[in-house]
Amino acid sequence: MTVNQISVFIENAPGSMAALTRLMRENSLNIRALCIAEVNNFGILRMIVDDVYATSTVLKAAGYVFKITPVLAVPLKDEAGSLCDVLDALGDSGINVEYIYAFTTSRKDKAFVVLRVEDNEGAARVLAENHCTPVSQSELA
């Protein structure tokens with residue numbers, strides 16, 4: 001079970017992120033999670049949104065270059081050691097994590113990690129066997 005992450009290529013300049021988030025606000029598009037990695041003059045802003053189709057339509061119309069990538073969103077207990085359990089299960093099964101970022105919810109006891117791995121199906125199977133079943137896009141909306 002995967003969720004769709006939108007990776008937006010954005011100029012590494014003052015106001016660039018503000019312009020993108022303003023566009024999202026003006027179109028009532030909610031960002032659930034995000035991270036950004038800088039690469040010289042550009043950055044890659046990765047985000048999980050409530051409505052992937054609407055967001056991609058708005059981004060395309062505004063001229064942004066972006067890519068949609070299936071990733072895993074894994075619910076965790078919001079307590080020490082939960083992430084370690086997930087990473088141990090994947091590592092012990094030979095599954096490499098390319099990158100990871102996290103976000104919390106309004107529930108005090110719940111957090112999520114977004115995982116990019118080479119084999120989503122294999123990783124999802126390993127996680128389910130370890131009582132950490134990834135959630136669907138609709139479960140995050």
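The values are calculated or read from the model by the stated rules, or taken from the named source; none is laboratory data. It should be emphasised that the depicted structure is a prediction, and the values quoted were computed from it without experimental measurement. Reconstructed Cβ throughout: ideal geometry from the backbone, glycine too, with neighbour counts over all protein chains shown.
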Inset, instruction - Only residues in region 59-87 that are in the same structural domain as Glu129 (by TED's automatic domain parsing) count as the first member; pair them with residues that are exposed (fewer than 11 other Cβ atoms within 10 Å of the Cβ), Cβ under 7 angstrom, at least 6 apart or cross-chain, and list the lot. - result: Lys77/Asp109; Asp78/Lys108; Asp78/Asp109
Legend entry - Sole exception among (1) part of a helix (DSSP H, G or I); (2) surrounded by 13 or more Cβ atoms within 10 Å (Cβ to Cβ); (3) not hydrophobic (A, V, I, L, M, F, W, C) for Arg22, by number: (2)
Inset, instruction - Those residues that are out of contact with any strand residue (DSSP E or B) (no Cβ under 9 Å at 6 or more places or on another chain) and surrounded by fewer than 18 Cβ atoms within 10 Å (Cβ to Cβ), I need them from region 97-137; list them, please. - result: Ser106, Arg107, Lys108, Asp119, Glu121, Gly122, Arg125, Ala128, Glu129, Asn130, His131
Inset, instruction - Hey, can you tell me all the residues within region 19-51 that are of a type outside the set (A, V, I, L, M) and either without any contact (Cβ under 8 Å) to a residue 24 or more places away in the chain or closer than 20 Å to Thr104 by Cα (or both)? - result: Thr21, Arg22, Arg25, Glu26, Ser28, Asn30, Arg32, Cys35, Arg46, Asp50, Asp51
Legend entry - Filtered residue count, region 91-141, keeping only those that are in a helix (DSSP H, G or I) and under 12 Å from Ile48 (Cβ atoms): 3
Legend entry - Selection within region 63-90 - part of a loop (DSSP other than H, G, I, E, B) and within 14 Å of the chain's Cα centre (by Cα): none
Legend entry - Any chance Ile44 is among the β-branched types (Val, Ile, Thr) and over 22 Å from Glu11 (Cβ atoms): no
Legend entry - Unmet criterion (only one of (1) modelled with pLDDT under 95; (2) assigned to a helix (DSSP H, G or I)) for Ile36: (2)
Inset, instruction - Find the residue count for region 63-86, including only residues that are more than 18 Å from Ile100 (Cβ to Cβ) and loosely packed, with under 12 Cβ neighbours inside 10 Å. - result: 2
Inset, instruction - Search region 40-52 for residues being touching a strand residue (DSSP E or B) at 6+ places or on another chain (Cβ under 9 Å) and farther than 24 Å from Thr133 by Cβ, and hand back the single one that is surrounded by the fewest Cβ atoms within 10 Å (Cβ to Cβ). - result: Asn41
